[in-house]
Protein chains: 2
Amino acid sequence: MPGRSVTSKVLALLDAFTPSTPELTLSELARRAGVSLPTAHRRAQELVGWGALERAPDGRFHIGLRLWEVASLAPRGLALREAAMPFLEDLYEVTHENVQLAVREGLELVFVERIAGRRAVPVLTRVGGRFALHATGVGLVLLATAPAEVQEEVLAAPLHAYTEKTITDPVRLREVLAGVRKSGHSVSDGQVTLDALSVAAPVRSPEGHVLAAVSLVVRADTAQPAALAPLVKAAARGITRALEPRHP
Amino acid sequence: MPGRSVTSKVLALLDAFTPSTPELTLSELARRAGVSLPTAHRRAQELVGWGALERAPDGRFHIGLRLWEVASLAPRGLALREAAMPFLEDLYEVTHENVQLAVREGLELVFVERIAGRRAVPVLTRVGGRFALHATGVGLVLLATAPAEVQEEVLAAPLHAYTEKTITDPVRLREVLAGVRKSGHSVSDGQVTLDALSVAAPVRSPEGHVLAAVSLVVRADTAQPAALAPLVKAAARGITRALEPRHP
């Protein structure tokens, strides 16, 4: 493709890897990155040399540990997760339910951490995976506190109905988001899967911006959202405090 | 630098970020990557455009969430961690001690997961962080099961003494590694910090290769390694089983 920068051509090779296609042959890689086979071969070899890609015995490529190592320095990835982990563990210890931590990336959210209870209600999420903002508890918190232009863009697009309870009416969703801002937490009841209810609260930066959202996901039929909200909010505040610079 | 490939020049910008320098100004980035200021500026902008880097309000660059998202597809990173997490959680639940999961990368190890007990003995590790192979419990397992040429290279180099108990004599270390292979687990007693003891066991691929090591790190003065070994080995076997392809 003419006009594309060299950097973007290199990054296009990484873009070829997705959660549904984490391993690719050389020809799949070339096709997905939009480059010739010899170019894909040369660049892939260079990426293997650095450790951004690794090659399995069957010849297929996958993302390498060296890239994961560098990426672990992302403040919104593992660094946030490290600060949050003790509070997420405490939430898990006292509830044995699913605990999730997510950040907004554009018009979607990315799960940064998940502690799944063995006997807890099944959830659809994967660490590093994406999800829409308008359905989950963490999504509703991240959407309610996003810049106005992000909210407008999400509300203007079709809202996917994961279940019959998912809010797909923009007017109704606007009301729900106002309620989240007022109460300081969200409740998503059967809006992702009918059997799950999540309660989420915002994690703020020392400057007061919303950085992330933390949630508990429990069985919908026995859930007591009013009891869970203070627990989730306290954990979110604990993470916010852990992110503040230490004063000696 | 003439002769360097374009890919390696792009990756040199990512290499500039390290655990001790996770945020860099443009001039720091240019100096560390060995490129001119205008080149660094152009490439950094392209990396920001893709999401591999993000720029803070103060103008400094850090690793971006999009890179972390792609990197989460690394089979030896988050994918291994996802398979291992239920077993690590169980280990934590029954002991409330530090639980660690690590893989070998060259002549060192990288921590892929860590669950830190709030009241457990303090440990030096960080998820995504590196450590030498000859001192920790997980390191001794990964070294004992590494290819012969890796073992020889580690044994030929000076072995850093973290404490007076760290094994720095190659002849003695060879004996310890033989013992690890025989028993199927390692014990590192005060070899990283004097107050900590770790017991580790190997996680194997479905083909039988050692992929990772899992450990419990406890207080050295009250530790009972003989009681911990079966627990750690059972967790390691559970992870091995979770990595096997499901047969319908």
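The values are calculated or read from the model by the stated rules, or taken from the named source; none is laboratory data. Since we're looking at a predicted model, the values are computed, not measured. Methodologically, a virtual Cβ is constructed for each residue, glycine included, from the backbone with ideal geometry; neighbour enumeration extends over all protein chains shown.
Take residues that are among the aliphatic types (A, V, I, L, M) and at pLDDT 90 or above and tell me which of the strands (runs of 3 or more DSSP E) falling wholly in region B:38-125 contain 3 or more.
On the way: elements: B:53-55, B:61-63, B:98-105, B:108-115.
Where strands (runs of 3 or more DSSP E) fall fully within region B:38-125 and carry at least 3 residues being among the aliphatic types (A, V, I, L, M) and at pLDDT 90 or above, they are B:98-105.
Within region A:1-18, the set of residues being under 24 Å from the mean Cα position of the chain (by Cα), surrounded by 14 or more Cβ atoms within 10 Å (Cβ to Cβ), within 9 Å of another protein chain (Cβ to nearest Cβ) and not in a helix (DSSP H, G or I) comprises just one member, A:17. Here A:97, A:89 are screened, and the one residue that is farther than 25 Å from residue B:13 by Cα, more than 12 Å from chain B (Cβ to nearest Cβ) and in contact (Cβ under 8 Å) with a residue 12 or more places away in the chain is A:97.
Counting residues in region B:174-196 that are in the same structural domain as residue B:83 (by TED's automatic domain parsing), buried (at least 17 other Cβ atoms within 10 Å of the Cβ), of a type in the set (Val, Ile, Thr) and at pLDDT below 95 gives one or more.
The rows are residues; the columns are (1) in a strand (DSSP E or B); (2) touching a residue at least 40 places away in the same chain (Cβ under 8 Å); (3) in contact with a Pro (Cβ under 7 Å, 6 or more places away or on another chain).
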| site | (1), (2), (3) |
| --- | --- |
| A:171 | no, no, no |
| A:188 | yes, yes, no |
| A:199 | yes, yes, yes |
| A:216 | yes, yes, no |
